[in-house]
């Protein structure tokens, strides 16, 4: 399969769907946690461990939901055109791996290919940032040659 702008678009939409699914799971968990706290009733005393635990869980889910919303916002600003160098929004094919520079999801399977969906905060991005097709870079003892950038 040849990588092209259509593949990048489909990959981007897949990542958006993954984030939307994650958001729904977080909302469900947040609602369940709140329902447990409500069913438990008012705090028994100032140091009510169960109630405090449910409140902390709710705060954690709220923070996770905020991160997912930021990820969705970032994905939605990625252009659907090809890029000439490694930058945010690039789909980078190397002789060893396929990278999608967007948000930190990790390694996913997409249309029969393994794709590392990484953010601009990870060390390997900092090594390959601004490189072009044909350039080489080394990371973690492995040398990569950039075949194409979309």
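The values are calculated or read from the model by the stated rules, or taken from the named source; none is laboratory data. Bear in mind that the values here come from a model prediction, so they are computed numbers and not experimental data. All Cβ positions, glycine included, derive from the backbone under ideal geometry; neighbour counts span all protein chains shown.
What number of residues within region 81-90 satisfy the criterion of being in contact with a helix residue (DSSP H, G or I) (Cβ under 7 Å, 6 or more places away or on another chain) and either assigned by TED's automatic domain parsing to the domain that holds residue 144 or under 11 Å from residue 133 (Cβ atoms) (or both)?
2
From the set of residues in region 18-30 that are in contact with a helix residue (DSSP H, G or I) (Cβ under 9 Å, 6 or more places away or on another chain) and over 21 Å from residue 106 (Cα atoms), which is surrounded by the most Cβ atoms within 10 Å (Cβ to Cβ)?
30
Which of the residues that make up region 96-109 are surrounded by 14 or more Cβ atoms within 10 Å (Cβ to Cβ) and farther than 19 Å from residue 68 by Cβ?
97, 98, 99
Among the residues of region 68-82, write down those that are surrounded by fewer than 19 Cβ atoms within 10 Å (Cβ to Cβ), more than 15 Å from residue 6 (Cα to Cα) and free of Cβ contacts under 8 Å to residues at least 60 places away in the same chain.
If the condition is that a residue be surrounded by fewer than 19 Cβ atoms within 10 Å (Cβ to Cβ), more than 15 Å from residue 6 (Cα to Cα) and free of Cβ contacts under 8 Å to residues at least 60 places away in the same chain, then 69, 70, 72, 73, 74, 77 are the ones that fit.
Pick from region 93-118 the residues that are without any contact (Cβ under 8 Å) to a residue 60 or more places away in the chain and in contact with a helix residue (DSSP H, G or I) (Cβ under 7 Å, 6 or more places away or on another chain): which of them is farthest from residue 2 (Cα to Cα)?
For region 93-118, the residue satisfying everything is 118.
Within region 44-55, is there a residue that is in contact with a helix residue (DSSP H, G or I) (Cβ under 8 Å, 6 or more places away or on another chain), touching a residue at least 40 places away in the same chain (Cβ under 8 Å), assigned to a loop (DSSP other than H, G, I, E, B) and loosely packed, with under 12 Cβ neighbours inside 10 Å?
Within region 44-55, none of the residues are in contact with a helix residue (DSSP H, G or I) (Cβ under 8 Å, 6 or more places away or on another chain), touching a residue at least 40 places away in the same chain (Cβ under 8 Å), assigned to a loop (DSSP other than H, G, I, E, B) and loosely packed, with under 12 Cβ neighbours inside 10 Å.
Condition first: surrounded by 13 or more Cβ atoms within 10 Å (Cβ to Cβ), at pLDDT 95 or above, within 17 Å of the chain's Cα centre (by Cα) and at positive phi. Can you find one or more residues in region 6-17 that meet it?
no
If the Cβ limit is 8 Å and pairs must be 6+ apart or interchain, which residue in region 25-37 that is at pLDDT 95 or above pairs with which residue that is surrounded by fewer than 18 Cβ atoms within 10 Å (Cβ to Cβ) and outside any helix (DSSP H, G or I)?
So the pair list comes out empty.
Criterion first (surrounded by 17 or more Cβ atoms within 10 Å (Cβ to Cβ) and over 13 Å from the mean Cα position of the chain (by Cα)) does residue 59 satisfy it?
No.
What residue, of 85, 114, 132, 126, is in a strand (DSSP E or B) and either out of contact with any strand residue (DSSP E or B) (no Cβ under 6 Å at 6 or more places or on another chain) or surrounded by fewer than 15 Cβ atoms within 10 Å (Cβ to Cβ) (or both)? Quick ask: steps written out before the conclusion?
Values: 85 fails: in a strand (DSSP E or B); 132 fails: in a strand (DSSP E or B); 126 fails: in a strand (DSSP E or B).
Every option except 114 fails the conditions.
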